[in-house]
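Enquirer: Have a look at this one.
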Amino acid sequence: MADNKPACRFWLSDPPPSTNNIYRGKRYKTAIYETWATRAGWEVRAQRQKPVPGRLRVRIEVPFRKNRDLDNIKPLLDLAQALGLIENDNRVDELLIVRVPATRATVVEISPMEA
């Protein structure tokens, strides 16, 4: 993201579960995912973020181990959508994922795309 302050910025103490731990079969969310989503949802609600409408730019800092794929961030976008912070994750036009040390929190920054 440029030097502009994001319209929405939230942090989570726990990174999202691996994509392999989200679904059981093709349709059923796992208990691991449901537990994370519930805890993460309350954590984000407490931060009182405002929705960001329209086309989006998203920057995610996530403390994944070095051997974990960086593209395992779908739960974060799903969470933002479920909480009404974004209309739909298909509105994301630009996505930057940054691996940070394991001691850091997961940070999601959402900004509108500039015209």
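Enquirer: Can you find a residue in the stretch 44-51 that is within 19 Å of SER13 (Cβ to Cβ), surrounded by 14 or more Cβ atoms within 10 Å (Cβ to Cβ) and of a type in the set (Gly, Ala, Ser)? Before the answer, list the steps.
Expert: Start the filter on the stretch 44-51 by keeping residues that are within 19 Å of SER13 (Cβ to Cβ), which leaves 44-49.
Now drop any that are not surrounded by 14 or more Cβ atoms within 10 Å (Cβ to Cβ), which leaves 44, 49.
Of the ones still in play, those that are also of a type in the set (Gly, Ala, Ser) are none.
Checking the stretch 44-51: not a single residue is within 19 Å of SER13 (Cβ to Cβ), surrounded by 14 or more Cβ atoms within 10 Å (Cβ to Cβ) and of a type in the set (Gly, Ala, Ser).
Enquirer: Residue pairs, Cβ under 6 Å, 6 or more apart or interchain, first in the stretch 36-61 and more than 16 Å from PRO17 (Cα to Cα), second of a type in the set (S, T, N, Q) and in a strand (DSSP E or B). List them.
Expert: The qualifying pairs are ARG57/SER111.
Enquirer: Look at TYR28 and say whether it is open to solvent by less than 20 Å² (accessible area, probe 1.4 Å) and either over 16 Å from TRP11 (Cβ atoms) or without any contact (Cβ under 8 Å) to a residue 24 or more places away in the chain (or both). Give the steps one after another, and end with the answer.
Expert: Values: open to solvent by less than 20 Å² (accessible area, probe 1.4 Å): no; either over 16 Å from TRP11 (Cβ atoms) or without any contact (Cβ under 8 Å) to a residue 24 or more places away in the chain (or both): yes.
Answer is no for this residue.
Enquirer: Same structure again: Could you list, in sequence order, all residues of the stretch 57-83 that are open to solvent by less than 40 Å² (accessible area, probe 1.4 Å) and outside any helix (DSSP H, G or I)?
Expert: Answer for the stretch 57-83, where residues must be open to solvent by less than 40 Å² (accessible area, probe 1.4 Å) and outside any helix (DSSP H, G or I): ARG57, VAL58, ILE60, GLU61, VAL62, PRO63, PHE64, ARG68, ASN72, ILE73.
Enquirer: Count, please, the residues in the stretch 1-52 that happen to be at pLDDT below 90, touching a strand residue (DSSP E or B) at 6+ places or on another chain (Cβ under 7 Å) and of a type in the set (Val, Ile, Thr).
Expert: Total satisfying the criteria: 2.
Enquirer: Select from the stretch 88-115 the residues that are open to solvent by 40 Å² or more (accessible area, probe 1.4 Å), part of a loop (DSSP other than H, G, I, E, B) and in contact with a strand residue (DSSP E or B) (Cβ under 9 Å, 6 or more places away or on another chain) and list them in ascending order.
Expert: If the condition is that a residue be open to solvent by 40 Å² or more (accessible area, probe 1.4 Å), part of a loop (DSSP other than H, G, I, E, B) and in contact with a strand residue (DSSP E or B) (Cβ under 9 Å, 6 or more places away or on another chain), then ARG104, MET113, GLU114 are the ones that fit.
Enquirer: If you take the residues of the stretch 31-88 that are within 21 Å of ARG99 (Cα to Cα) and among the basic types (Lys, Arg), which of them is farthest from the chain's Cα centre (by Cα)?
Expert: LYS66
The values are calculated or read from the model by the stated rules, or taken from the named source; none is laboratory data. All values reported here derive from a predicted model rather than from experimental measurement. For neighbour counting, all protein chains shown are included, and Cβ atoms are generated from backbone atoms with ideal geometry for every residue, glycine included. Ligands, DNA and RNA are stripped out before the accessible areas are found, and what is left, the full protein with its side chains, is counted by its heavy atoms. Shrake-Rupley method; radii C 1.70, N 1.55, O 1.52, S 1.80 Å.
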